[in-house]
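Take a look at the structure below.
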Amino acid sequence: MQSWPSVDIPDLPGSGSQLHLFDTSSKQIVPVGTQPLAKMYVCGITPYDATHIGHANTYVAFDLVNRAWRDAGREVDYVQNVTDIDDPLLERAVATGQDWRAIAERETALFREDMTELRVIPPRHYIGAVESIPAVAGYVMKLQESGEVYAVDDDLYFSVHSDPDFGSVANLSEAEMLDIFGQRGGDPARPGKRDPLDCLVWQSARPDEPAWDTPLGHGRPGWHIECTAIALDYLGEQIDVQGGGSDLSFPHHEMGAVEAQRITGASPFADAYVHSGMVAWQGHKMSKSRGNLVFVSALRHEGVEPMAIRLALLAHHYRSDWTWTVQGLEGAERRLALWRTGTSAAAGPDGQEVLTRVRDYLAQDLRTPEILDAIDEWARAAVDGVGDDSSAPQLIQDLVDALLGVRLEQG
Ligand code: 5CA
Ligand code: ZN
């Protein structure tokens, strides 16, 4: 599937330090991407509605990971999927009388546009679920060979406990897993399952639903195995970061990890499982199913600058849960104006010192609120005529562009 256009990244003097991120699995801040090639898989959208601020928050968070790695001299191999066939898409198609493919194509195109405007560096491989069906079938057959797949009616399930490490991504009790599994697309109560937590890897064709012919029969993939197959195909057996919003830690990343580990025999599938917080609006997590959404494209069409949206997101640490507000956006617009005025000054306080501080904050679990404060402080001083570093305005402009993805030049 087509990705979106690449983003210019200015060169900065020197290089950043080793990135550390909070790993959900070990519950610690750990070094990530320690080798010259850093591999990251971030779960993509299910394209049945437009990109909302919650999505944008997640992709901007992982864009900072990408930028911090590049600044530290890593080559980054970044893969993202599009869940372009799944129940919500088919439900939306029935509810609106549209073709599910047309919905997926339209919303994926809008997502690409939103990501481009937000200056998110595109993944090297942007891969759809539909185009991955042959790969999924191959991996399910591998699991079948080792006896870890069984049928319920004509559907296929993976025995999650076949991997002794099952449960080590999200660290939940069996009771919590059962509860959340039911809420997030799982089917713990289905008769015939050997274990209520076993996950669907292949769903046989249902009347009036799309299905594909594979050696497994006529049907379509289960959700988790889609990401497992894409990650294994494009990144290999082990990766540095498996990323997504915190609502994906269980069941999605838990199931994906054990599937991958049983397919390849290599453990752990990801060195770190990294999760961004949930953005709320009108008292609840923004979600397509609830409909309490603020769309990136709607804000853009109202004339809100994408860079202000980006700054409104970066004002919150990526792991915190927070609520989108108009005041937050207005604060971001004022900040953008302050930064523009500051970097238009002839000189300001020592720019190199700010660069060092920003790199340190970034490397320590992406501490963006502190970074924004540091730039504010510099910009206020520059506006007040404090400091005589004449190279600082350009350096600050370049560093907020390269490290935060905030471009201050207009037009
Ligand atoms: N296609 C699957 C992943 S394979 C999926 O979860 N799609 S999604 O469209 O529902 O979500 C896309 C990404 O946005 C996921 O990483 C999800 O965790 C994140 N996300 C969804 N809602 C929010 C929210 N309210 N706040 C922050 N992130 C969110
Ligand atoms: Zn996924």
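Whether any residue in the stretch 324-339 is in contact (Cβ under 8 Å) with a residue 60 or more places away in the chain and not in a loop (DSSP other than H, G, I, E, B) is what I want to check. The answer is yes, given that some residue of the stretch 324-339 is in contact (Cβ under 8 Å) with a residue 60 or more places away in the chain and not in a loop (DSSP other than H, G, I, E, B).
In the stretch 230-252, the qualifying residues are those that are under 14 Å from the mean Cα position of the chain (by Cα) and over 23 Å from Q35 (Cα atoms), and the one that is farthest from ligand 1 (Cβ to nearest atom) is S249. Can you pull out the residues in the stretch 224-247 that are β-branched (V, I, T), farther than 26 Å from I53 by Cβ and either part of a strand (DSSP E or B) or touching a strand residue (DSSP E or B) at 6+ places or on another chain (Cβ under 6 Å) (or both)? If the condition is that a residue be β-branched (V, I, T), farther than 26 Å from I53 by Cβ and either part of a strand (DSSP E or B) or touching a strand residue (DSSP E or B) at 6+ places or on another chain (Cβ under 6 Å) (or both), then I225, I239 are the ones that fit.
Within the stretch 213-229, the set of residues being within 15 Å of ligand 1 (Cβ to nearest atom) and either over 14 Å from the mean Cα position of the chain (by Cα) or on the phi > 0 side of the Ramachandran plot (or both) comprises R220, P221, G222, W223, H224, I225, E226, T228, A229. Across the stretch 69-84, which residue is farthest from ligand 1 (Cβ to nearest atom) among those that are outside any strand (DSSP E or B) and open to solvent by less than 10 Å² (accessible area, probe 1.4 Å)? Across the stretch 69-84, the extreme among qualifying residues is W69. In the set Y48, Y41, Y59, only one residue is near ligand 1 (Cβ under 9 Å from one of its atoms) and either part of a loop (DSSP other than H, G, I, E, B) or farther than 23 Å from S297 by Cβ (or both); that residue is Y48. For the stretch 278-292, a tally of residues being closer than 18 Å to T46 by Cα and surrounded by fewer than 20 Cβ atoms within 10 Å (Cβ to Cβ) returns 8.
If we scan the stretch 61-75, do we find a residue that is closer than 25 Å to G219 by Cβ, touching a residue at least 12 places away in the same chain (Cβ under 8 Å) and touching a helix residue (DSSP H, G or I) at 6+ places or on another chain (Cβ under 6 Å)? No - not one qualifying residue is present in the stretch 61-75. Under the condition of being on the phi > 0 side of the Ramachandran plot and surrounded by 14 or more Cβ atoms within 10 Å (Cβ to Cβ), the residues counted in the stretch 2-60 number 1. Scan the stretch 293-311 for residues that are open to solvent by 50 Å² or more (accessible area, probe 1.4 Å) and either among the hydroxyl-bearing types (S, T, Y) or part of a loop (DSSP other than H, G, I, E, B) (or both) and the total you get is 3.
For beta carbons closer than 8 Å, sequence separation of 6+ or different chains, a first residue in the stretch 280-309 that is more than 14 Å from V326 (Cα to Cα) and a second that is of a type in the set (F, W, Y), the qualifying pairs are M286/W324; K288/Y48; N292/W281. I85 falls short on exactly one of the conditions (1) in contact with a strand residue (DSSP E or B) (Cβ under 7 Å, 6 or more places away or on another chain); (2) within 16 Å of ligand 2 (Cβ to nearest atom); (3) over 25 Å from T51 (Cβ atoms), and that condition is (3).
The values are calculated or read from the model by the stated rules, or taken from the named source; none is laboratory data. Worth saying up front: this structure is predicted, and the values here are computed from it rather than measured. Virtual Cβ from ideal backbone geometry, glycine too; neighbours counted across all protein chains shown. Heads up: the accessible areas ignore ligands, DNA and RNA and are worked out on the full protein's heavy atoms, side chains in. Shrake-Rupley method; radii C 1.70, N 1.55, O 1.52, S 1.80 Å.
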